[in-house]
1. Quick one: order 203, 182, 37 by neighbouring beta-carbon count within 10 Å, fewest to most.
2. Which shape class, rounded, prolate or oblate, goes with region 241-295 when its Cα gyration tensor gives a ≥ b ≥ c as root eigenvalues, a/c under 1.5 marks rounded, and past that a/b bigger than b/c marks prolate?
3. Counting only C-alpha contacts under 8 Å and six or more residues apart, can you give the relative contact order of region 183-329 as a whole percent?
4. Once you put a point 7 Å from the Cα of residue 151 and another 7 Å from the Cα of residue 277, both along the Cβ direction, what distance in nm separates them?
5. Report relative contact order for the chain in percent, whole number only (criteria: Cα-Cα under 8 Å, sequence separation at least 6).
6. May I ask for log10 I(q)/I(0) of region 72-111 at q = 0.27, 0.31, 0.33 Å⁻¹, from a Debye sum over the Cα atoms as equal point scatterers with solvent left out?
């Protein structure tokens, strides 16, 4: 297993300056209360990008934070993997846009969409590229501007989503924070649990003449997502423990996808890892899809909560459904 690991040399995250509090969203829902929303989601506020901010710009900030922490320069990078469900434009890739902005236009660059599990999927792809000798130093980055595709009039989703970006620098060198092989899986039977039908080949444009835009917003079956997410998170943690021959008490921290505070508390009980070992940032940043794990990791690293040798489990459930989990040794 040690031969399969790569080094996370540095991490970083970035958020827009604009804070969107629950009180602002509640103006559209006079029958709901602040206490109710916090109880249901654990979210108090989130960040929303302004009209002139882009996902690429936010990703660039996160990458520079990660490079600075790694003590590396951008000219040492030969690959970029961008995980996102809403790039600035469909073609070319957001990774190509970022490569140009960073000044490394010859780097291999491509996007990956595994929804909320995207960053963990991208970590595994980056790990595999390095172990195969295809690349030496890879940026694994995500940026999500979910405010652009969240229906402000849908009370099931309006309170959930926010904007942000996160990045990690992967290298094949010894030492550093060792990333083990990720476990990846899915359940396509739940394809419609979380979706955005519009914007693709089947529905590229809104219907002419003022048709509904519902299909161009994120849609979610909350009950189905809650049920499958609790099981999915727990299974990823348990499978990681089994794969690494560890017990719950061996784990110092869990860095999960920031889906919903009630989900994470239920997962904690199910797997026997105390909730105070979960890195939780959802209260101030909301659910940022693929960016949430990277942002939580970046925040925790900046806060200095990790110690050398800490065993950290990643876990996520995303639209598709997609599942991902694995071990990082700090």
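1. 203, 37, 182
2. prolate
3. Contact order relative to length: 34 percent.
4. 4.0
5. 26
6. For region 72-111, the Cα-only Debye profile gives -0.86, -1.05, -1.14.
Laboratory data are not the source of any read-out in this text; all were calculated from the coordinates shown. As the structure is a prediction and not an experimental result, all values here were calculated from the model. As a convention, Cβ positions derive from the backbone with ideal geometry for all residues, glycine included, and neighbour counts pool all protein chains shown.
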